[in-house]
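Colleague: The structure's right below; bear with me while I get my questions together.
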Ligand SMILES: [Zn+2]
């Protein structure tokens, strides 16, 4: 039984509703997980007289909220009935966000996305932006975070740096984390990992130039996204010459963080057309090539 929403992976769409006998049980082939962060689960099959009884949960594409559809409705039928039909008659759907402040911020971001150059990743981001839920969490330290367990973007207006955030960038960044976890899987992509290792040395070799970029009046002096990329490539060692970045402890805690943050930072720079995109053809050349392969 796959999750019914618009970002369900191809393999899970395909496997949804299939019935297997117990001797065929094999994780990864007849049994989830079919991929990293797989949301598909198994349910018992009772045969025809029972299978049509009851309802199953699905994501309403209009509101982004959970709704219930007949239990024997498979992914393709759900998509045809609830997504394709409505897309024919309606323009873009934005999830209803109750909080006034975040709704405005999200509407602005949606405008920016629609005005951005159409690329595979910006097109996908438009789709994800329509179906991703926002949730207030006043208990967390950071202003924004994508929470993969709850599959929501959490925000905290009372967090220290909330007001100084570039709201378009944080939304692009956190949405990319969701896209990465559900679809791209940057952290297992051999070319992306290899490009990270190749670029590390280049960053140290160019540390004088980088220091100049981030010094006051330098050409990227407030570019948090680019700073975070150099921070991750140096495991935080260059943080003192940058305008921001995660701590060394964070980078060393889990290797996948390096990949996922670089990937999300690059997507933000790319989709929002930051000036630092020029470095995609300079010091970040190999990384950009790998990123382009991951995003299609
Ligand atoms: Zn992040």
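Laboratory data are not the source of any read-out in this text; all were calculated from the coordinates shown. What you are looking at is a predicted structure, and each value in this text was computed from that prediction instead of being measured. Because the Cβ atoms are built from the backbone with ideal geometry, glycine has one as well, and the counts that use them run over all protein chains shown.
Colleague: By how many degrees, 0 to 90 and rounded to 10, does the Cα axis of helix 285-295 deviate from the longest principal axis of the chain?
Modeller: Rounded to the nearest ten degrees, it is 10.
Colleague: Let me ask something else about it. Classify segment 1-44 as rounded, prolate or oblate from the Cα gyration tensor: take a ≥ b ≥ c as the square roots of its eigenvalues, call it rounded if a/c is under 1.5, otherwise prolate when a/b beats b/c and oblate if not.
Modeller: On the way: a/c = 2.24, a/b = 1.62, b/c = 1.38.
It comes out prolate by the Cα gyration axes.
Colleague: May I ask what percent, to the nearest 5, of DSSP beta bridges between residues of the chain are antiparallel?
Modeller: On the way: 9 of 13 bridges.
Bridges in the chain are about 70 percent antiparallel.
Colleague: Right, here's the next one. Taking a ≥ b ≥ c as the square roots of the Cα gyration tensor eigenvalues, with a/c under 1.5 meaning rounded and otherwise prolate when a/b beats b/c, else oblate, which class fits segment 257-296?
Modeller: Working: a/c = 1.42, a/b = 1.20, b/c = 1.19.
Because its axes are fairly even, with a/c under 1.5, segment 257-296 counts as rounded.
Colleague: Report the rotationally averaged projected area of segment 100-184 based on its alpha-carbon convex hull, in square nanometres. Before the final figure, lay out each step's value.
Modeller: Details: hull surface 21.7 nm².
Result: a mean projected hull area of 5.4 nm².
Colleague: Where in segment 158-198 does the amide nitrogen come within less than 19 Å of the point 7 Å from the Cα of residue 100, taken along Cα to Cβ?
Modeller: 158-159, 163
Colleague: Normalised radius of gyration for segment 148-214, please: alpha carbon Rg relative to 2.2 N^0.38 Å, two decimal places. Present the calculation step by step, with values, prior to reporting the outcome.
Modeller: Working: Rg = 16.3 Å, N = 67, 2.2 N^0.38 = 10.9 Å.
Scaled against compact globular proteins, the figure is 1.50.
Colleague: Relative contact order for the chain: what is it in percent, counting Cα pairs under 8 Å that are at least 6 residues apart? List each step's numbers first, then the result.
Modeller: Working: 398 pairs, mean separation 41.0, N = 296.
Relative contact order here is 14 percent.
Colleague: Hey, rough spin-label estimate for residue 141 and residue 80, points 7 angstrom out along Cα→Cβ, what's it come to in nanometres?
Modeller: 5.1
Colleague: Throw me the Rg/Rh for segment 157-296, computed over C-alpha atoms with Kirkwood Rh, two decimals. Can you show the working numbers first?
Modeller: Numbers: Rg = 14.0 Å, Rh = 15.1 Å.
My calculation of the ratio gives 0.93.
Colleague: For segment 220-270, count the residues as N, evaluate 2.2 N^0.38 Å, and divide the Cα radius of gyration by that value, please.
Modeller: Here the answer is 1.01, to two decimals.
Colleague: To the nearest 10 degrees, how steeply does helix 120-131 sit against the main Cα axis of the chain, on a 0 to 90 scale?
Modeller: 60
Colleague: Sticking with this structure for a sec: How many angstrom lie between the Cα centre of segment 134-197 and the Cα centre of segment 219-248?
Modeller: 17
Colleague: If you stretched the chain out fully between residue 253 and residue 19, how much longer would it get, using 0.36 nm times the residue separation minus the C-alpha to C-alpha distance?
Modeller: 80.2 nm
Colleague: Over the residues of the chain, compute the C-alpha Rg and express it relative to 2.2 N^0.38 Å.
Modeller: On the way: Rg = 21.1 Å, N = 296, 2.2 N^0.38 = 19.1 Å.
For the chain, the normalised Cα radius of gyration comes out at 1.10.
Colleague: Further question: Using a ≥ b ≥ c from the Cα gyration tensor of segment 116-238 (square roots of the eigenvalues), is it rounded, prolate or oblate, where a/c under 1.5 gives rounded and otherwise the larger of a/b and b/c decides, a/b for prolate? Walk me through the intermediate numbers first.
Modeller: On the way: a/c = 1.87, a/b = 1.33, b/c = 1.41.
In terms of gyration-tensor shape, oblate.
Colleague: May I pose another question? Compute the acute angle (0 to 90°) between the alpha-carbon long axis of helix 224-233 and the principal axis of greatest extent of the alpha-carbon atoms of the chain; round to the nearest 10°.
Modeller: Roughly 90 degrees between the two axes.
Colleague: Still on this structure: Would you look at the GNM of the chain, springs on alpha carbons closer than 10 Å, and say which of 257, 146, 184 moves the most?
Modeller: 257
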